[in-house]
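Here the structure comes first, spelled out in C-alpha cells, and everything after it is commentary.
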Amino acid sequence: MKEIYDYKEIEKEAQDLWARNKRYEANIDTTKPKYYCLSMLPYPSGNLHMGHVRNYSIGDAVSRYKKLKGFNVLQPMGWDAFGLPAENAAIDKKVHPQEWTEQNINHMKEQLNSLGFAYDWTKEINTSDESYYKFEQELFLKFYEKGLAYRKKSLVNWDPVDMTVLANEQVIDGKGWRTGAEVELKEIETWFLKITDYADELEEGLEKIDWPENVKNMQKNWIGKSRGTEISFETDKGNLLKAFTTRPDTLFGVTFFGISPNHPYVAELSKQDSNINKFLENVKKVSSAEADQAQAEKLGYKTKVNIIHPLTKDLVPLWIINYVLMDYGTGAIMGVPAHDERDYEFAKKYQIPISQVIETDEKLPYSGTGLVMNSGDFNGLPSQEAFEKISEKLIALKKGEILFQYRLRDWGISRQRYWGCPIPMEYKDGETFTAKELPVLLPVNADGTYKPLHQNEGFRYKSDGYERETDTFDTFMESSWYFARYTSAQNKNEIFDKNTEYWLPVDLYIGGVEHAILHLLYSRFFYKVLRDMGMVKNDEPFKKLLTQGMVLKDGAKMSKSKGNTVDPKEYIENYGADSIRTFMIFASPPEQSLEWSDNGLEGCHKFLKRLWALSFKISSLGSDAFVGSEKTLNDECTDLFIKIHDDPDKRLNLNTVV
C-alpha cells in the first residue's frame with residue numbers, strides 16, 4: 001500500500017474493484033442467512049442533499065456489517081420518479097417530464113456511486129418506466145377484482161395550484177402538503193382503495209413489528225379504532241337520524257344535533273328552505289380533512305326541524321354544521337357542549353344552552369370521565385358504568401347498538417395530472433370496464449410534447465367506442481410496493497418470483513418519520529392485500545424500522561429557502577466519500593438529528609489519514625514485532641469484537657462498528 005492517503009485514488013480503485021467483482025450483487029444463497037436492508041427510495045430531483053447522504057450512509061454501514069458477519073445481503077436502489085414536481089419542472093424548462101427525470105436519475109446515480117455505497121444496481125427500478133408501472137396496473141386490476149377498488153362521486157380536497165385531488169393525509173393545516181395552497185372542496189368522480197377493510201389488522205399488526213413507539217402510535221391514532229354506541233334519533237317530522245358516540249354517558253347533555261353539509265337529509269331539507277344552499281356554498285371552501293375541521297371557524301345553519309331525545313323526549317334543534325364529516329361515523333353528531341371542545345365553541349357562538357352531566361371541578365368544556373349528574377336514573381354512576389347502562393337502555397328500546405368505528409377512511413388514489421401511472425379502466429354506455437391490454441401507456445405527441453390526459457382526445461377516446469380513464473394514480477401507489485419489486489426486478493414477465501419469497505420481508509427499513517402515516521401505512525395495507533392474493537408469505541413488509549434524524553445546519557433543517565444547504569459534491573471533492581460517511585455515522589446516534597459541522601468533517605478526515613498511516617506502518621513491520629504483546633492485543637480485540645457484535649444488532653450504535 002502507498003504511504004500517502006490519496007483518497008481520490010483509493011476510493012476509485014475500491015469502487016472499480018467492487019464493480020468488476022460484482023461484490024454487491026445479491027442472489028439466492030440458502031447456505032447463508034439473508035438480510036434485506038433498504039433505505040427509502042429518493043425522488044429524482046437532480047441532486048442529493050445531506051439528508052439523503054445520512055440515510056444511505058446508515059443503511060450502507062449496516063449492510064456492510066451484516067455482510068462481514070456472513071449474511072447474504074440485499075441493498076438495492078431505485079427512483080420514485082412520477083409526480084407533480086417533475087411535471088411542473090418540465091413545464092418550466094419546456095421539456096418532457098421523462099427527459100427531465102432521466103437526466104436527474106443519471107446525475108443522482110453518479111453522485112451515489114461517487115459516495116461508494118454498496119448497492120446492487122442489477123435490481124434498480126424506475127417507477128415511471130413502463131416495465132414497472134405495467135405491473136402496478138396489473139396489481140390495481142387484482143384489487144378491483146377483489147372488490148378493493150371502487151369509483152364514486154365524492155367531495156374531495158382540491159389543490160387549486162397543482163389542479164389535483166389530495167388525500168386527507170396530504171392536507172396540512174388546510175393547505176396542500178406540496179404547494180401550501182388553501183385547499184378547496186370539490187365534487188368529482190374519483191377512485192378509492194378500501195384500506196378500511198384492513199383497519200383492524202393494520203392496528204393489531206403494530207404489536208408484531210420492531211418499530212419506534214412514536215411511529216406506531218401515529219398509525220394507531222390515524223386508524224382511530226373506537227368503541228361506542230350508534231344512537232337512533234327521530235325528528236319531529238318522522239325521519240330517523242343516527243349518530244355514533246364514544247360517550248353515551250353524556251347523552252343527557254345533548255342540547256343540539258348536527259349533521260354534515262353532505263348528509264343525504266340536507267338535500268331534502270333544502271327543498272323547503274332555500275337559504276340552506278347559500279350556507280352550503282360557504283362551507284365548500286373548507287377542507288374535508290379532519291384536522292382542518294378542528295381548526296377552522298365553526299359554521300352552522302339552524303334548520304326548521306327538531307330532534308326528539310331518545311330517553312327524555314325533549315326537543316333539541318337540528319343544525320347543519322361544517323365540522324361534522326360525512327365519511328366519519330354516520331355524518332351526524334349529538335351536540336354535548338359541556339363535554340366536547342368543538343361543540344362548546346359552536347354552542348357559545350350560536351348561544352345554544354350548555355348542560356353539564358359529568359361532575360368536575362374543572363372549567364367547561366370537560367371531556368374527561370367522572371360521576372354522571374343531571375341524567376335521571378343514571379345519576380351517580382361512574383362514566384364507564386353509565387356508558388354500559390345507558391347503552392343497554394337504548395338497545396332495549398331498539399334505539400341503539402354498540403359498535404366499533406374508525407377514523408381511517410378509504411384512500412383516494414385519483415390524480416388529475418399527466419405524469420403518473422394511467423389508471424387502467426374504461427367506460428362505455430355508463431358501465432365500467434377493465435382495460436383489455438396492459439400496459440396502458442402514457443401518450444407522447446409526435447413532437448415529444450404532452451398534455452393532460454383529459455385533453456388528449458387520441459388517448460381518451462378509443463376507436464372501439466370505449467372512453468379511457470384520464471386520471472393517474474397517486475404517486476404513493478408506486479412506493480407502496482416497490483420494496484417487493486426490487487426482489488424480482490430482473491424478471492420482465494412476472495411481478496414476483498422465487499426471489500421475492502426468499503428476500504421478503506425487509507429486515508431493516510430506513511427513512512424519515514414524516515412518512516409514518518402516508519407511505520408506511522399504505523405499504524402495510526398493500527402488503528396484506530398481496531398476502532391475501534398469495535403473492536407474498538408474511539403479514540408485515542418491514543420487520544424493523546429506523547427513522548433517522550434530520551441533518552441540521554445552524555440549528556435549522558437544511559433548505560434552499562434558508563440558504564443553509566450543503567452540496568455533497570463539493571465535500572466529496574475536498575475530503576472524500578469516506579470522510580463524509582464517517583462523519584454521518586460518528587456525529588450523532590442514527591435516530592437523533594445531526595448538526596452539520598465543517599470542523600467535524602475535518603476531524604473525521606484527519607482520523608482516516610491517521611488510520612491509513614497506522615495501517616501503512618503495521619504493513620511495513622515484520623511478524624516478529626507483535627510477539628511480545630500478542631496476548632494483551634488478543635484480549636483487547638476479543639472485548640472489542642464482542643462489543644462490535646452486540647451494539648448494532650441491539651441498538652444500531654454504528655460508530656463502534658465503523
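How long are the three semi-axes of the equivalent ellipsoid of segment 119-246, in whole Å, if each is the root of 5 times an eigenvalue of the C-alpha gyration tensor, listed from largest down?
33, 23, 19
Could you calculate the contour length gain from GLN384 to SER226, that is, 0.36 nm times the residue separation minus the distance between their Cα atoms, to one decimal place in nm?
55.5 nm
Got the relative contact order for segment 59-208 handy, in percent, Cα pairs under 8 Å and 6 or more residues apart?
Here the relative contact order equals 19 percent.
How high is the FRET efficiency between TYR461 and LEU185 when r is their beta carbon distance and R₀ equals 25 Å, given to the nearest 0.05? Working shown, then result.
Numbers: r = 30 Å, r/R0 = 1.19.
Rounded to the nearest 0.05, the efficiency is 0.25.
So which of LYS146/LYS528; LYS175/LYS208; LYS142/LYS537 end up more than 23 Å apart by C-alpha?
Numbers: LYS146/LYS528 13 Å; LYS175/LYS208 35 Å; LYS142/LYS537 17 Å.
Violating the 23 Å limit, Cα to Cα: LYS175/LYS208.
Rounded to the nearest 0.05, what FRET efficiency is calculated for GLN490 and ASN106 with R0 set to 25 Å and r the Cβ-Cβ distance?
Values: r = 21 Å, r/R0 = 0.82.
Efficiency at R0 = 25 Å is approximately 0.75.
Give the cross-link partners of LYS562 among the aspartates and glutamates, using a straight C-alpha distance below 16 Å as the criterion and excluding same-chain residues fewer than 8 apart.
Qualifying aspartates and glutamates at Cα under 16 Å: ASP554, GLU595.
What's the percent breakdown of Cα-Cα distances in segment 530-604 across 10 Å bins, shortest bin first?
17, 36, 21, 13, 13, 1
Taking the Cα centre of each part, how many Å lie between segment 137-162 and segment 547-589?
39 Å
Per the Debye formula with a single identical scatterer at each Cα and no solvent contribution, what log10 I(q)/I(0) holds for segment 305-373 at q = 0.16, 0.28 Å⁻¹?
At q = 0.16, 0.28 Å⁻¹ the computed log10 ratios are -0.63, -1.33.
What trypsin sites (Lys or Arg not before Pro) does segment 368-421 have in DSSP loop regions with at most 14 other beta carbons within 10 Å?
LYS398
Antiparallel as a % of all DSSP beta bridges within the chain, to the nearest 5? Present the calculation step by step, with values, prior to reporting the outcome.
Working: 56 of 75 bridges.
Once the DSSP bridges in the chain are tallied, antiparallel ones form about 75 percent.
Taking 0.36 nm per residue of sequence separation and subtracting the Cα-Cα distance, how much length would be gained by fully extending the chain between ILE395 and PHE607, in nm to one decimal?
69.0 nm
Given the C-alpha centroids of segment 320-342 and segment 223-238, what is the distance between them in whole angstrom?
Cα centres, segment 320-342 to segment 223-238: 11 Å.
For segment 38-91, take every pair of Cα atoms, bin their distances at 5 Å starting from 0, and report each bin as a whole percent.
Bins of 5 Å from zero give 4, 17, 22, 18, 15, 10, 7, 4, 3, 1 percent of pairs.
Separation between the THR246 and TRP177 pseudo-spin-labels, each 7 Å from Cα along Cα→Cβ, expressed in nm?
2.3 nm
For segment 402-494, what is the convex hull volume of its Cα atoms per residue in Å³?
Once divided by residue count, the hull of segment 402-494 is 186 Å³.
Lysines within cross-link reach of LYS93: Cα-Cα under 21 Å, excluding same-chain residues under 8 positions apart?
In chain and number order, the partners are LYS451, LYS560.
Go ahead and collect, in residue order, the members of segment 134-155 whose backbone nitrogen is under 20 Å from a label point 7 Å along the Cα-Cβ direction of GLU281.
Of the residues in segment 134-155, 155 have backbone N under 20 Å from the label point off GLU281.
Using only alpha-carbon positions, what ratio does the radius of gyration of segment 226-405 give when scaled by 2.2 N^0.38 Å? Provide the component values of the computation, followed by the final result.
On the way: Rg = 15.7 Å, N = 180, 2.2 N^0.38 = 15.8 Å.
Here the answer is 0.99, to two decimals.
Using the structure shown, select from LYS186/LYS436; LYS194/LYS298; LYS12/LYS34; LYS12/LYS557; LYS22/LYS109; LYS313/LYS393 the pairs with a Cα to Cα distance greater than 23 angstrom.
Cα-Cα > 23 Å for LYS186/LYS436; LYS194/LYS298; LYS12/LYS34; LYS12/LYS557; rest within.
For the pair THR122 and LYS562, how long in nm is the line joining their label points, each one 7 Å along Cα→Cβ?
4.2 nm
Report, in deg cm²/dmol and to the nearest 500, the calculated mean residue ellipticity at 222 nm for the chain, where each DSSP H run with n ≥ 4 adds -39500 (n - 2.57) and the sum is divided by the residue count.
Helix contribution divided over all residues of the chain: -11000 deg cm²/dmol.
For the chain, what is the charge dipole size about the Cα centre, in debye to the nearest 20, if Lys and Arg each add +1 at the Cβ and Asp and Glu each add -1 at the Cβ?
200 debye
Here are some values of volume of the Cα convex hull per residue in Å³: [x] 213; [y] 413; [z] 343. Which one was computed from this structure?
Correct label, based on the coordinates given: [x].
Roughly how many nanometres apart are two label points built 7 Å out from the Cα toward the Cβ at LYS237 and THR434?
4.4 nm
Nearest 10 degrees is fine. How inclined is helix 341-350 to the longest principal axis of the chain, computing both from alpha carbons?
40 degrees
Each reported figure results from applying straightforward, stated rules to the coordinates on display, with no laboratory input. Treat the numbers as computed from the prediction; the structure is a model and nothing was measured. Reconstructed Cβ throughout: ideal geometry from the backbone, glycine too, with neighbour counts over all protein chains shown.
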